[in-house]
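Everything on this sheet refers to the single structure shown next.
Values in this text are rule-based calculations from the coordinates and carry no lab data. These figures come from a predicted structure and were not determined experimentally. Here Cβ is always computed from backbone atoms with ideal geometry, including for glycine, and neighbour counts include all displayed protein chains.
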Amino acid sequence: MRRQFIISIVVVFVVLTLALYALKINMPAFQFQVLESGNLIMALLTLLTYIIVNRHMEGSSMAFVRGVYSASFLKLIVCMISILVYVLLNRAHIHKPTVFVLFGIYAVYTIMETWLLSKIVRE
């Protein structure tokens with residue numbers, strides 16, 4: 001199952017990259033570099049989350065829950081800081097739908113991570 005987690009995250013990354021590329025072609029107003037950077041950051045954070053939670057799995061079930069919560073909180077904070085940096089650097093040319101897509105990317109990775117980690121725990 002652990003191997004399946006990594007493969008699933010890589011598949012999600014590739015699918016989102018293809019979707020973002022299609023979005024770039026069909027709607028050039030979206031900032032592809034920003035979206036792809038967000039996709040990469042969330043994929044890497046999800047893999048880091050897996051490492052954090054995997055260390056906590058050897059302890060009690062409460063340690064596992066704490067690991068999941070702390071990893072999710074870490075991803076949320078990094079997402080918020082990244083969006084804040086984007087807004088501060090592009091104050092004059094902010095594309096609001098790009099910000100909403102970034103939160104969508106966060107949601108996709110968080111849902112996938114939670115679902116896959118709960119499957120691992122049940123085993």
- Note on the structure: Conditions (1) touching a residue at least 40 places away in the same chain (Cβ under 8 Å); (2) within 20 Å of Leu20 (Cβ to Cβ); (3) in contact with a Leu (Cβ under 7 Å, 6 or more places away or on another chain) -> Val78 fails only (1)
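If you check Leu16 against the conditions, is it surrounded by 15 or more Cβ atoms within 10 Å (Cβ to Cβ), assigned to a helix (DSSP H, G or I) and out of contact with any Pro (no Cβ under 9 Å at 6 or more places or on another chain)? Spell out how you get there, then give the answer.
Details: surrounded by 15 or more Cβ atoms within 10 Å (Cβ to Cβ): yes; assigned to a helix (DSSP H, G or I): yes; out of contact with any Pro (no Cβ under 9 Å at 6 or more places or on another chain): yes.
For Leu16, the condition - surrounded by 15 or more Cβ atoms within 10 Å (Cβ to Cβ), assigned to a helix (DSSP H, G or I) and out of contact with any Pro (no Cβ under 9 Å at 6 or more places or on another chain) - is met.
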- Message: Give all pairs with beta carbons closer than 9 Å in which a residue from the range 107-123 that is over 15 Å from Tyr50 (Cβ atoms) meets a residue that is among the hydrophobic types (A, V, I, L, M, F, W, C) and surrounded by 12 or more Cβ atoms within 10 Å (Cβ to Cβ); count only pairs at least 6 apart in sequence or on separate chains.
- Response: Val108/Val12; Val108/Leu16; Val108/Met42
- Query: In the range 19-39, which residues are exposed (fewer than 14 other Cβ atoms within 10 Å of the Cβ) and closer than 19 Å to Leu84 by Cα?
  - Reply: Gln33
